Amino acid sequence: MAMLKTILGNLLRPSRTRAPADMPEVPPVYRGALAHDAACCTACGTCAFVCAPKAISFTQDPGVSVSWHFFIGQCSFCGLCAQNCPMRAISLQADAPAATNSAAGDGLRLESVIRLQPCTRCGAAHVPLPDATIEALWGVEEAERGLCPECRRRAASEKLRAAFVPAEEAHHDR
């Protein structure tokens, strides 16, 4: 009898669901909508590696681009992706994620495309260094800015070798 009284009491009460315009204020430490800046991203994969629910992934179009994908339906909003991104390309906004009804019914998906550029030395396609990184790397010559990671490593090795081996000895070793 008590159960029937509870059911009838719940049926006769007004709705307790909030209207979209009647949402509470977001606290300042709220980790909400994720934002990705493709101009700062080097597609290192750290964000995908630390994402336990696998809400972040990468796909490659060989020689053309690398795409960064985010699926909000899997995100736990832990903030590890933003915390561990070495380039600070990911940030969590104070805004609540937007609700959406996609055709697939799977929620909100974000995608950023990072275009590959040819290496100025070997021609291999690679993710270019972001401008903010280039400015932070003092000592990087203009000619080295368009190099792929392998050519950049070789150029650094050549500089080190030249610094430690006198010019005369370098000619004798060849």
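The values are calculated or read from the model by the stated rules, or taken from the named source; none is laboratory data. All values derive from a computational prediction rather than experimental measurement. Heads up, the Cβs are rebuilt from the backbone with ideal geometry, glycines too, and the neighbour counts pull from every protein chain shown. Protein only, heavy atoms only, side chains kept; ligands, DNA and RNA dropped before computing areas. Shrake-Rupley method; radii C 1.70, N 1.55, O 1.52, S 1.80 Å.
Derived scalar couplings between HN and Hα for region 38-45 equal 5, 5, 9, 7, 10, 6, 6, x Hz in order, rounded to whole Hz, by the Karplus curve 6.51 cos²θ - 1.76 cosθ + 1.60 (θ = phi - 60°), x for Gly and Pro. For GLN83 and ARG109, the FRET efficiency from 1/(1 + (r/R0)^6), where r spans their Cβ atoms and R0 equals 25 Å, is about 0.65.
For region 1-103, the equivalent ellipsoid derived from the alpha-carbon gyration tensor has semi-axes of 40, 16, 13 Å in decreasing order. Computing FRET efficiency as 1/(1 + (r/R0)^6) for PHE164 and VAL29, where r is the C-beta to C-beta distance and R0 is 45 Å, gives about 0.35. The 3J(HN,Hα) values that the Karplus relation (6.51, -1.76, 1.60; θ = phi - 60°) gives for region 81-95 are, in residue order, 5, 5, 5, 9, 5, x, 9, 6, 7, 10, 9, 9, 8, 7, 7 Hz. Gly and Pro appear as x. Using the Cβ-Cβ distance between SER91 and SER15 with R0 set to 45 Å, the FRET efficiency works out to roughly 0.80.
Summing +1 for each Lys or Arg and -1 for each Asp or Glu, what net charge is found among the other residues whose Cβ lies under 12 Å from the Cβ of CYS81? Every neighbour counted, the sum reads +3. The heavy atoms of THR42 present about 40 square angstrom of accessible area, all protein chains included, probe 1.4 Å. Sorted on the mean count of surrounding Cβ atoms within 10 Å across their residues, most packed first, peptides 63-70, 155-162 read 63-70, 155-162.
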